[in-house]
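First the structure, in the form of structure tokens, and then the observations on it.
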Amino acid sequence: MNFEPLFFNPIFMDRIWGGTELRSFGYDIPTETTGECWAFSAHPNGQSVVKNGQFAGKTLGELWEYNRELFGNAEGDRFPLLTKILDANQDLSVQVHPNDEYAKVHENGELGKTECWYIVDCKEGAEIIFGHHAQTKEELASMITENKWTELLNKVPVKKGDFFFVPSGTIHAIGEGIIILETQQNSDTTYRVYDYDRKDANGNTRELHVEQSVAVTTVPHKADEYDVKVKTNGDLTATTFIECPYFSVEKWELQGSSINNQTKPFLLCSVIEGEGSIKKDSAVYPFKKGDHFLLPSDFGSFELEGSSELIVSYL
């Protein structure tokens, strides 16, 4: 059994709404409009690659296929999660995602997309779109067709440290000036409801998916409730934001040291602030802001040291 943390090289995606803020994580981004860092991905549109140890050069998808013991022999025909960091230099399109049943039928077997956001940073006065005010499918379709965006869309102010759970069927959009860490199902299916009539570099507007959007949107909008739990372990404070059928997500705040025991099928750990180290037996594995590492099944007891913040997800 491999007892090393597996560090992954992220993948960068150019987006019409992207910018340069991902450099603050220490990344050498490829363009001035880099919108997404895919930190943990086994999706066909982008595969994260291990950069250390005996599995160096292997993709996350390959490990899931051929080394399932690293994941506690969890079941599934594909790795279930995808972790991203997004830099919204402009407003993202207003969009909605299908559930598993709809995506399986209409998107060639793709998974649906339930996701959640942790606001890593944002400008003062930043807002997201979260939900809508339509009461029926007919009213939703009518308001979209008539461009009644002010009446339809629900805007929510955000601040650094906020968390949002975004189930499939939720109309949503990340606003300008926000950096988020997103944990989601392993899916790349998005239905655009509205894109502010903006044009790409070739002068074309991006495709909208109004029919699909109306079909998959939850009407009326329902804001899910979830219990936030906080526990301490040594100098580590762990805040559990969400536990749902698709994933659980925690924030770890470390100021010193903490002895921990890895009991999950796997832990996906993204360092969003500071630096520290993982100590396992006689080995020490340093980490810093912008690093992403997986602690495999049966990793067992380990010590965390440092001053850092991490977003951690697991099944």
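So the values come out like this:
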item	result
Qualifying positions in segment 280-298 - of a type outside the set (D, E, K, R) and outside any strand (DSSP E or B)	Ser282, Gly290, Ser297
Scope segment 101-146; condition within 22 Å of Asp91 (Cα to Cα) and among the polar types (S, T, N, Q); matching residues	Thr114, Thr145
Within segment 104-207, strands (runs of 3 or more DSSP E) holding 2 or more residues that are buried (at least 17 other Cβ atoms within 10 Å of the Cβ) and modelled with pLDDT of 95 or more	115-122, 127-132, 163-166, 172-174, 178-185, 191-194
Verdict on Val216 being among the β-branched types (Val, Ile, Thr), in contact with a His (Cβ under 8 Å, 6 or more places away or on another chain) and touching a residue at least 60 places away in the same chain (Cβ under 8 Å)	yes
Conditions (1) within 18 Å of Trp117 (Cβ to Cβ); (2) in contact with a helix residue (DSSP H, G or I) (Cβ under 8 Å, 6 or more places away or on another chain): number failed by Phe25	(2)
Out of Ser308, Ser301, Ser313, sole residue that is within 23 Å of the chain's Cα centre (by Cα), within 25 Å of Asn67 (Cα to Cα), in a strand (DSSP E or B) and at pLDDT 95 or above	Ser313
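Here's the yes/no breakdown for (1) on the phi > 0 side of the Ramachandran plot; (2) crowded, with 17+ Cβ neighbours inside 10 Å; (3) in contact (Cβ under 8 Å) with a residue 40 or more places away in the chain; (4) touching a Cys at 6+ places or on another chain (Cβ under 7 Å):
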position: Pro10; (1), (2), (3), (4): no, yes, yes, yes
position: Arg23; (1), (2), (3), (4): no, no, no, no
position: Ile29; (1), (2), (3), (4): no, yes, no, no
position: Gly35; (1), (2), (3), (4): no, yes, yes, no
position: Trp38; (1), (2), (3), (4): no, yes, yes, no
position: Gly57; (1), (2), (3), (4): yes, no, no, no
position: Gly61; (1), (2), (3), (4): no, yes, no, no
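The values are calculated or read from the model by the stated rules, or taken from the named source; none is laboratory data. A quick note: this is a predicted structure, and the numbers were derived from the prediction, not measured. Every residue, glycine among them, receives a Cβ derived from its backbone with ideal geometry; neighbour counts consider all protein chains shown.
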